[in-house]
Amino acid sequence: MDPLDIIRSYCDDDSKAYYFLIHHSRLVMRKALEVAQRVRHLKPDLKFIEEAAMLHDIGIVFTNAPQIGCFGYRHYLCHGYLGRELLEREGFPRHALVCERHVGVGISAAEVRSNRLPLPERDMMPLTLEEKIVSFADKFFSKSEYDLMHEKPLETVRQIVASYGEGKLEVFDSWTEIFLEGRHH
């Protein structure tokens with residue numbers, strides 16, 4: 001599978017959306033592979049991480065985010081499950097789950113319900129090592145015009161993750177212990 005072929009079939013390669021998607025995804029992929037190398041003893045699937053990191057945000061093409069060239073009808077928050085649906089149609093169910101589960105540090109069905117989020121009411125939490133690695137790496141990069149190519153410092157990421165709600169920082173910090181500090185759980 002070639003992630004670029006899939007991306008190009010949904011996004012013109014001379015579009016603003018393609019520019020943001022490709023640059024962001026490459027940075028996330030590099031970070032995810034660095035993290036995976038640090039936890040080699042856990043035997044992460046490097047090829048899968050490379051592919052999934054490139055495809056994790058493909059659902060943005062269906063969202064309304066004009067600042068990054070996306071003119072769909074769905075709320076940006078929907079990009080995870082929309083990416084899942086797209087990759088399932090393409091025949092990549094494992095990659096599809098990374099799309100759905102990478103948003104924030106995961107979203108539970110209870111959060112969807114209590115916050116009335118425009119999402120399917122199901123748990124969308126990273127479960128596998130590879131899903132957690134891609135989600136973790138993604139937190140360090142934004143798709144903002146001014147910050148696209150810059151990795152956020154860990155403390156900035158922690159502040160952002162803390163704003164997602166109760167318990168989110170604890171999840172992120174547990175990943176930090178494993179992925180950056182090499183501690184075993």
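Any read-out appearing in this document is the output of simple, stated calculations on the displayed coordinates, not a laboratory observation. Worth saying up front: this structure is predicted, and the values here are computed from it rather than measured. Don't worry about glycine lacking a Cβ; one is built from the backbone with ideal geometry, like all the others, and counts go over all protein chains shown.
Structure data summary
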{"item": "All-pairs alpha carbon distance profile, the range 10-72, 5 Å steps from 0, percent", "result": "4, 19, 24, 19, 13, 10, 7, 4, 0"}
{"item": "E121 versus D12: modelled label distance in nm, points set 7 Å from Cα along the beta carbon direction", "result": "4.1 nm"}
{"item": "Cβ-based exposure ranking for T156, T128, T63, in which fewest neighbours within 10 Å come first", "result": "T156, T128, T63"}
{"item": "Long-range HN-HN contacts of C70 with modeled amide H, under 5 Å", "result": "A65"}
{"item": "Charge sum, other residues only, whose C-beta stays under 9 Å from H24's C-beta, Lys/Arg counted +1 and Asp/Glu -1", "result": "0"}
{"item": "Ranked list, fewest to most other Cβ atoms within 10 Å of each Cβ, for H56, H23, H102", "result": "H23, H102, H56"}
{"item": "Per DSSP, loop chymotrypsin sites (Phe, Trp or Tyr not before Pro) in the range 55-101 with at most 14 further Cβ within 10 Å", "result": "Y73"}
{"item": "Calculated [θ] (222 nm, deg cm²/dmol) that DSSP helices of n ≥ 4 give over the chain, each run adding -39,500 (n - 2.57)", "result": "-16000 deg cm²/dmol"}
{"item": "C-alpha center-to-center spacing [the range 40-59, the range 115-185] in angstrom", "result": "15 Å"}
{"item": "Qualifying lysines (Cα of each under 22 Å from Cα of K47; at least 8 residues distant if same chain)", "result": "K31, K132, K139"}
{"item": "Packing-based order for 28-34, 39-45, using average beta carbon neighbours within 10 Å, highest first", "result": "28-34, 39-45"}
{"item": "Linear extension gain, R113 paired with E85, 0.36 nm per residue minus alpha-carbon span", "result": "8.0 nm"}
{"item": "Hydrodynamic radius (Kirkwood) for the range 127-166, which is based on Cα pairs only, to one decimal in Å", "result": "11.1 Å"}
{"item": "Whole-percent pair-distance distribution, where bins are 5 Å wide, for the alpha carbons of the range 82-185", "result": "2, 12, 20, 22, 21, 15, 8, 1"}
{"item": "Dipole magnitude of the chain about its Cα centre (Cβ charges: Lys, Arg +1; Asp, Glu -1), debye to nearest 20", "result": "220 debye"}
{"item": "Taking all pairs of distinct alpha-carbon atoms in the range 39-87, Kirkwood radius in angstrom", "result": "11.9 Å"}
{"item": "Residue-wise HN-Hα coupling along the range 69-78, computed from phi with Karplus coefficients 6.51, -1.76, 1.60 (Hz; x: Gly, Pro)", "result": "x, 10, 10, x, 9, 9, 4, 4, 4, 6"}
{"item": "Karplus (6.51, -1.76, 1.60) ³J(HN,Hα), θ = phi - 60°, over the range 163-174, in Hz, Gly and Pro reported as x", "result": "6, 6, x, 4, x, 5, 5, 4, 4, 4, 5, 5"}
